[in-house]
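Written below as structure tokens is the structure these notes are about.
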Amino acid sequence: MDPTAGIPARAARSREDEAPITTESISAFGTAILICPRCSAQANPYLRSDRDHRLISLTSPRLEIVLKEGSMSRFSKPIIALILALAPFFLFFGTTNTVTVNGEIVQDSQFNLGGLLMGLIGLGLAFSVLRAPAPKHKAPKVLAVIAGLACIVQMANAVELVKLNPLDWIFPDRNLPELVYSGLADNDNIFLSVKTPDSYRRALMVEKSKIAGKAMAHKTYADLCHGSRYRVELERASNIPDYLNPDEIAYLNKEANRHAKAGPTECSQANSKRVMGRETDEVNRAMDLFDRLEKEYLASTTQ
């Protein structure tokens, strides 16, 4: 027996309209495109109507499930792109080249082919999201921009245009040499054979130029090779005493720049051991010795 027998044609058509909604009703970017179940005509999902083509309400529970699935698909590409940008920081697939002199590694370079390929693929995915017309869904595009920038950084890192390693941010001292200096002994001083105001100032000026210059070299190398991980108090090292005259300050700055230019400009284990280790101890000790000599000089001027 026909279950719709005796039911008005409009009511029977309403039952026919209750066809299930599938994910095919939603576009790849989650935009609701509803199809009239009776005649397959496209409908506006934000309207209701009781006319012949009854439009399905956007508040339908079945439609809400489909919309959630569509929302997830909007984020799938930028999320995958972001994963491709970050994964090569922890996975290496490429070549490494090291140069050893007298048993010490003086040059260490690598080419991460996997990082370059993953970055290119991720950048393509991010670009495809940005090109797609979805003006009402800004979040996926914002995530795609972030993922795209991360992919560009990853590709630069893969060919060593920049050197980045997230583990250095979490464990900043993991690749740095151990520091030995912990403080001056009671009898550590800069001894002057002649203790006159001029001899004090000359000694202080020379010591300060060395300290400032080596601190500048330390900063340059740390920025280049260790993510700006400074192990020297840069402000303290660069502070110029106010008791120096203009000629003495000019000499100090000239000598400081000369010492700074003598610092290494290439990243290597040997250079890191020297600049971030031994020379860091020397600069920190020199600053403490300078403070003692300065205190002695200032005390002599008040007598």
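The values are calculated or read from the model by the stated rules, or taken from the named source; none is laboratory data. Since the structure is predicted, the reported quantities are computational estimates derived from the model, not experimental observations. A quick note on method: Cβ atoms are made from the backbone with ideal geometry, for glycine too, and the neighbour counts reach across all protein chains shown.
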Under 6 Å by Cβ, and 6 or more places apart or on different chains, what pairs join a residue from region 212-223 that is closer than 16 Å to K163 by Cβ with one that is among the basic types (K, R) and not in a helix (DSSP H, G or I)?
A222/R229
For region 239-271, name all the residues that are crowded, with 16+ Cβ neighbours inside 10 Å and within 15 Å of V283 (Cα to Cα).
A256, H259, A260, G263
Only helices (runs of 4 or more DSSP H) wholly contained in region 148-257 count here; list those with 3 or more residues that are over 30 Å from G119 (Cβ atoms).
197-225, 234-238
Of the numbered conditions (1) under 15 Å from L86 (Cβ atoms); (2) more than 21 Å from the chain's Cα centre (by Cα), L125 fails exactly one; give the number of that condition.
(2)
Within region 118-138, how many residues are modelled with pLDDT under 85 and in a helix (DSSP H, G or I)?
1
Filter region 139-175 for residues that are farther than 11 Å from P78 by Cβ and at pLDDT 90 or above and give the result.
L149, I152, V153, Q154, M155, A156
Please enumerate the residues belonging to region 222-276 that are over 25 Å from N175 (Cα atoms) and hydrophobic (A, V, I, L, M, F, W, C).
I240, L244, I249, A250, L252, A256
What about S300, is it more than 26 Å from the chain's Cα centre (by Cα), modelled with pLDDT of 90 or more and in a helix (DSSP H, G or I)?
no
Exactly one of these conditions fails for D291: (1) surrounded by 17 or more Cβ atoms within 10 Å (Cβ to Cβ); (2) assigned to a helix (DSSP H, G or I); (3) not polar (S, T, N, Q). Give me its number.
(1)
Is it the case, given these coordinates, that D186 is outside the structural domain of K273 (by TED's automatic domain parsing), surrounded by fewer than 19 Cβ atoms within 10 Å (Cβ to Cβ) and on the phi < 0 side of the Ramachandran plot?
yes
Could you tell me whether R274 is within 35 Å of the chain's Cα centre (by Cα), closer than 22 Å to Y181 by Cα and not in a helix (DSSP H, G or I)?
no
